[in-house]
Amino acid sequence: MKILLKNIEKENYKGNLKSYLKESGYQALEKALKMSSEEIIKEVKDSNLLGRGGAGFPCGLKWEFVYKEKGRPKYIVCNADEGEPGTFKDRLILEKDPHLFLEAMTICAKAISSEEGLIYIRGEYIEGYKSLEKAIKEAEKSNFLGKNILGSDFSFKIALYRGAGAYVCGEETALLDSLEGKKGQSRIKPPFPTFVGFKDKPTVLNNVETLANIPAIVLKGGERFSKIGSPASPGTKLYCLSGDVKKPGIYELPTSITLKELIYIYGGGPDGKIKAVLPGGVSSCFLTAKDLDVIMDYKSIQEKDSMLGSGAVIVINNTRCLVDLAKRCAEFFVYESCGKCAPCREGTKRAKELLTNITIGKGESGGIELLKELQEVLYDTSRCGLGQSALNAVRSALEKFPDEFEKHILKKKCDLGVCPI
Amino acid sequence: MNERKVNFTIDGQDLSAAQGTTIFESAKSIGINIPHLCYHEKLSIYGACRVCVVEVKGKPRLEPSCATLVEEGMVVKTNTSRIRRARKMIVELLLANHPEDCFTCDRSQTCELRDLAYNLGIRDLRFQKARKYHYDLDETSPAIIRDPNKCILCSRCIRVCSEIQAVGAIDFVNRGGKTQVLTFFNKGLNNVDCTTCGQCILACPTGALRERTAVDDVWGALSDPKKFVVVQTAPAVRAAIGEEFGMPAGSLVTGKMAEALRRVGFDKVFDTQFGADLTIIEEANELVERIKNKGTIPMITSCSPGWIKYLEHFFPDLKKHVSTCKSPQQMFGAIAKAYYAKKIGVEPKDMCVVSIMPCTAKKFEAQRPEMRSSGTQDVDIVLTTREAGRMIKEAGIDFVNLPEGDFDKPLGISTGAAVIFGATGGVMEAALRTAYEVVTGKTLEKIDFEEVRGMQEIKSAEIDLDGTILKVAVAHGLSNAKILLEEIKNKTSPYHFIEIMTCPGGCLGGGGQPMPTNEEVRLKRAESIYQEDRNKPIRKSHESPAIKEIYKDFLGKPLGKLSHHLLHTHYIKRPRY
């Protein structure tokens, strides 16, 4: 069952308008143009599609919020600032099948009565940027975008913006600030972007992968979509499999798949013996070899005290030192913290210091308690998701692999010879 | 604001407040002062220090009380172990990055971070071994020094600079742990459009911003036997300096201050208010001249050096609207050296004029090249009210219990019109008291111009000068001034005469005043200033015997040749960066 990669995985698929049209491209838009806003939103709500950006918010509900808002104009913003380490799925769609989600954005615009869409693409995605630029021109030329689309009274244009390399701009409100030309830093929520978004107007903010599901939902019906995969978060999902696995890559699979199936059936099995898995990139919590039967949907992974996030599944084998990995995760957040709120800016810095000390044999036993408290306070008080989840990986490493930390601290020893003790 | 009321509870107390009220404000109304750092009553909500977090039932995380609005049925707790632990840790984290030099810090006694650490019960610094980052100080400005090492990135300085003062000389640069508050391209405060008003110092919770201190220079002059050291004190200082010694806000301490300065060792204790009276004579006559001869109108006051620098950076094309009168400080300096020094047989170069000002911009003003009409620098050293307080403490003087002293003659004689220079609207009122009598030749009976008093952001009035209607406006805080300036620029300004003061509340809220300087304190200082005006036997500048004497003996007439040389100046165009 392929929804997102159905075109890309076809031989000779070029990703241009011609080949997209050959694969029944823009038929969903044609259909949507004949539907009312309520009808389109109903299909999306029926599909029970959850946002693929990480938070897993129901997409149809989000559209409905914006549809019901009275403020004008309304915007649709596509979050293509894919930045979570271990995530590379949006990139594939951006580069290889850009029309898929241009069509989706246009459908969304029709549903919420928006006349302007904006795509915020990760600065490093140069290929994706070029391919999008080309696709937008193609779509405009053939009147899939622009004034009076396909002869209807509906007009919609899409502008393309490149990020400048800040991870935090993947956070929706920081993205909006960046789009407005400001420093990319999170806003205070509420109000949420659905009510006060781009230029303080009602705004739908969707991730690339979320949008890429829309044409299929409109064309084949929401109900049909809702029956695919796990009932709690239906559909297929793009899993980015990386780390110690024989066949890393992007796999589109129904959300009812287990972690074990993903790694063993599709990933060709682990490279070495599985010690831990990060199911949602470095902001998620470590799962262990005991958790392999978990279903890869939002709810099931949450029940395991971790999160699916954007689906960056990083496999870690038993040659890796968890203390070292925890330190690396913390390091990433020190670098990427926007610096606005005190707990995230200062806390990540100190967590990294405490962890570095442990890896070089200068760890103190009180350090563990302090790290745990840091994680709790950062979760409790940080302004945005970045700080709130910055020490998730560290906390889970401490909880699930306490012996490794203890050995580093008390015996000044890294059994795996990874840390420079 | 929406008048719909919502009902909620804070720490078990049932409350009702208008929709749009924050948890922080509601808590305050029932006597709960939620600890905070980045919150500031006059600035936009920033919500980034996270110290003011509270528990809201049903929310997974703690919520910032400054940025969270009360809602119907909300159940808030402001004091639980979870909250106390979070606040404590956040402050500890800030301290981990903070120099441990409280002994020698300017803000030792007034630091909000130190206070918070104490109040939150932080007795053990768990991140003490943490690496501290070191940044270079910005020492380019003659008035203000920035120490980024003490900065906790609360953005209060940035917000006051852009929101209250409409300047925006500083902003955040870099990201994450490398975030800093800097000037454009790190050029330094003196090389950008900073007006040196010092409102950032008042807004700063720590010692990251301070005046460039000149206390040691004053001690040096006082101990130099060759120097004849005179001191002048600005109107707003007497209504505030008592606060440095723990006296209630706005205590009027004119006599104690004069006595303390004499005991500190100044040869003569004079009053900037003499200069203020002189300013009124010149400025009121300039206004009358401009109106009579169809000169450039509206005319704007020129006493506030931060405003003058703002004009030079942002509105240089409006230069000709500004009165050419020097500020009272500078008029005093020129007269002290060019007139008084000669009178007592002291060479101007052997005289040292020290001013005590509520202001940091006065430090900048004193060293302007235009301010040397006596042949040397007219005002040698400028101290803020805070620095003067420190000198008095250093001398071991029991300020609170001092007897009432008095100023020396003749440059210590002044009128009620001069003292109100310290409050917003005061220069306008003082000028009107004189202008009325100059224009009409009649005695002004009702000398209180209530319509230009008070803390309203822009005040305007129409004054009947015996048939001629004079339209006047008063603005304090540069963002308010900007509104009036835009009107002039767009040629829609209806006014003849405008008073602009750089700081909110006027000089009494100046960047050199004791801390805290907030709305409540400003109002109390204003009360004292108007009280002093009422107590003065003479309340119009042109009736001052000292002023009459100096025109008779020395200056000749207002706007005359000597006045022009000593008491007037000109302005230049300055780049923004």
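With the requirement that a residue be outside any strand (DSSP E or B) and under 17 Å from residue B:391 (Cβ atoms), what does segment B:348-358 give you?
The one that is outside any strand (DSSP E or B) and under 17 Å from residue B:391 (Cβ atoms): B:358.
Only residues that are open to solvent by 20 Å² or more (accessible area, probe 1.4 Å), among the charged types (D, E, K, R) and part of a helix (DSSP H, G or I): list them for segment B:246-299, please.
Hits for segment B:246-299 are B:256, B:259, B:262, B:263, B:289, B:290, B:292.
Which of the residues that make up segment A:111-152 are assigned to a loop (DSSP other than H, G, I, E, B), under 24 Å from residue A:45 (Cβ atoms) and in contact with a Phe, Trp or Tyr (Cβ under 8 Å, 6 or more places away or on another chain)?
Passing the criteria: A:113, A:114, A:115.
Residues checked against (1) within 14 Å of another protein chain (Cβ to nearest Cβ); (2) more than 27 Å from residue A:355 (Cα to Cα):
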| position | (1), (2) |
| --- | --- |
| B:104 | no, yes |
| B:108 | no, yes |
| B:116 | yes, yes |
| B:121 | no, no |
| B:126 | yes, no |
| B:131 | yes, no |
| B:141 | no, yes |
| B:144 | no, yes |
| B:151 | yes, no |
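Check segment A:358-371 and report whether any residue there is open to solvent by 30 Å² or more (accessible area, probe 1.4 Å) and facing chain B (nearest Cβ under 7 Å).
Checked segment A:358-371: no residue is open to solvent by 30 Å² or more (accessible area, probe 1.4 Å) and facing chain B (nearest Cβ under 7 Å).
How do the pairs read when you match residues in segment B:155-180 that are facing chain A (nearest Cβ under 9 Å) with residues anywhere that are of a type in the set (Asp, Glu) and buried (at least 18 other Cβ atoms within 10 Å of the Cβ), using Cβ under 7 Å and keeping only pairs 6 or more apart or on different chains?
B:176/A:336
Which condition does residue B:504 not pass, out of (1) part of a loop (DSSP other than H, G, I, E, B); (2) open to solvent by 70 Å² or more (accessible area, probe 1.4 Å); (3) in contact (Cβ under 8 Å) with a residue 40 or more places away in the chain, if it passes all the others?
(2)
With respect to the numbered conditions (1) crowded, with 19+ Cβ neighbours inside 10 Å; (2) in contact with a helix residue (DSSP H, G or I) (Cβ under 7 Å, 6 or more places away or on another chain), which one is the sole condition not fulfilled by residue B:536?
(1)
Scan segment A:344-396 residue by residue and report those that are within 20 Å of residue A:190 (Cα to Cα) and either in contact with a Lys or Arg (Cβ under 9 Å, 6 or more places away or on another chain) or touching a residue at least 60 places away in the same chain (Cβ under 8 Å) (or both).
Selection gives A:344, A:379, A:380, A:381, A:382, A:383, A:384, A:385, A:386, A:387, A:388, A:389.
Give me a count of the residues in segment B:311-336 that are acidic (Asp, Glu) and outside any helix (DSSP H, G or I).
Going through segment B:311-336 one residue at a time, the tally reaches 0.
So is residue A:321 within 14 Å of another protein chain (Cβ to nearest Cβ) and either under 26 Å from residue A:8 (Cα atoms) or not β-branched (Val, Ile, Thr) (or both) or not?
No, not satisfied.
Please note which helices (runs of 4 or more DSSP H) are completely contained in segment B:127-243 and include at least 1 residues that are among the small types (Gly, Ala, Ser).
B:199-203, B:215-222
Of everything in segment B:22-57, what is of a type outside the set (A, V, I, L, M, F, W, C) and either crowded, with 21+ Cβ neighbours inside 10 Å or within 14 Å of chain A (Cβ to nearest Cβ) (or both)? Give them in sequence order.
B:22, B:26, B:35, B:36, B:39, B:40, B:44, B:46, B:47, B:50, B:55
Which condition breaks for residue B:130 when tested against (1) modelled with pLDDT under 95; (2) buried (at least 22 other Cβ atoms within 10 Å of the Cβ)?
(2)
Residues in segment A:287-319 that are open to solvent by 60 Å² or more (accessible area, probe 1.4 Å) and assigned to a loop (DSSP other than H, G, I, E, B): how many?
Of the residues in that region, 6 qualify.
Residue B:402 - would you say it is surrounded by fewer than 24 Cβ atoms within 10 Å (Cβ to Cβ) and either more than 24 Å from residue B:356 (Cβ to Cβ) or among the basic types (Lys, Arg) (or both)?
Here the answer is no, as residue B:402 does not meet what is asked.
Yes or no: residue A:275 in a loop (DSSP other than H, G, I, E, B) and free of Cβ contacts under 8 Å to residues at least 60 places away in the same chain?
Taking the combined requirement at face value, the residue does not satisfy it.
Give the number of residues within segment B:110-126 that are surrounded by 13 or more Cβ atoms within 10 Å (Cβ to Cβ) and modelled with pLDDT under 95.
2
Here's the yes/no breakdown for (1) open to solvent by less than 20 Å² (accessible area, probe 1.4 Å); (2) in contact with a strand residue (DSSP E or B) (Cβ under 9 Å, 6 or more places away or on another chain); (3) more than 26 Å from residue A:150 (Cβ to Cβ):
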site: A:7; (1), (2), (3): yes, no, no
site: A:47; (1), (2), (3): yes, no, no
site: A:62; (1), (2), (3): no, yes, no
site: A:72; (1), (2), (3): no, no, no
site: A:75; (1), (2), (3): yes, yes, no
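Does residue B:243 meet the test of being over 19 Å from the mean Cα position of the chain (by Cα), buried (at least 24 other Cβ atoms within 10 Å of the Cβ) and of a type in the set (Asp, Glu)?
In short, no.
Pick out, from segment B:376-494, the strands (runs of 3 or more DSSP E) lying fully within it that include 3 or more residues that are over 19 Å from the mean Cα position of the chain (by Cα) and β-branched (Val, Ile, Thr).
Per the criteria, B:468-476.
Within segment A:214-236, is even one residue surrounded by 24 or more Cβ atoms within 10 Å (Cβ to Cβ), at pLDDT 95 or above and assigned to a strand (DSSP E or B)?
Checked segment A:214-236: at least one residue is surrounded by 24 or more Cβ atoms within 10 Å (Cβ to Cβ), at pLDDT 95 or above and assigned to a strand (DSSP E or B).
Select, from B:492, B:502, the only residue that is hydroxyl-bearing (Ser, Thr, Tyr) and under 25 Å from residue B:363 (Cβ atoms).
B:502
Which members of segment A:324-335 meet the condition of being within 7 Å of chain B (Cβ to nearest Cβ) and either touching a Leu at 6+ places or on another chain (Cβ under 7 Å) or β-branched (Val, Ile, Thr) (or both)?
Within segment A:324-335, A:334 is the sole residue that qualifies.
At the interface with chain A (Cβ under 10 Å from one of its Cβ atoms) and of a type outside the set (S, T, N, Q), is that true of residue B:88?
Yes, satisfied.
Restricting to segment A:346-357, and then to whatever is of a type in the set (A, V, I, L, M) and more than 22 Å from residue B:50 (Cα to Cα), can you tell me which residue is nearest to the other protein chains (Cβ to nearest Cβ)?
A:354
Of everything in segment B:58-77, what is surrounded by fewer than 22 Cβ atoms within 10 Å (Cβ to Cβ), more than 11 Å from chain A (Cβ to nearest Cβ) and not in a strand (DSSP E or B)? Give them in sequence order.
The answer is B:58, B:72, B:73, B:74.
Out of curiosity, is residue A:388 more than 8 Å from chain B (Cβ to nearest Cβ), in contact with a helix residue (DSSP H, G or I) (Cβ under 9 Å, 6 or more places away or on another chain) and among the polar types (S, T, N, Q)?
When the stated conditions are applied, residue A:388 does not pass them.
The values are calculated or read from the model by the stated rules, or taken from the named source; none is laboratory data. Just so it is clear, the model here is predicted, and its values are computed rather than measured. For neighbour counting, all protein chains shown are included, and Cβ atoms are generated from backbone atoms with ideal geometry for every residue, glycine included. Please note that ligands, DNA and RNA were not included when accessible areas were found on the heavy atoms of the full protein model with its side chains. Shrake-Rupley method; radii C 1.70, N 1.55, O 1.52, S 1.80 Å.
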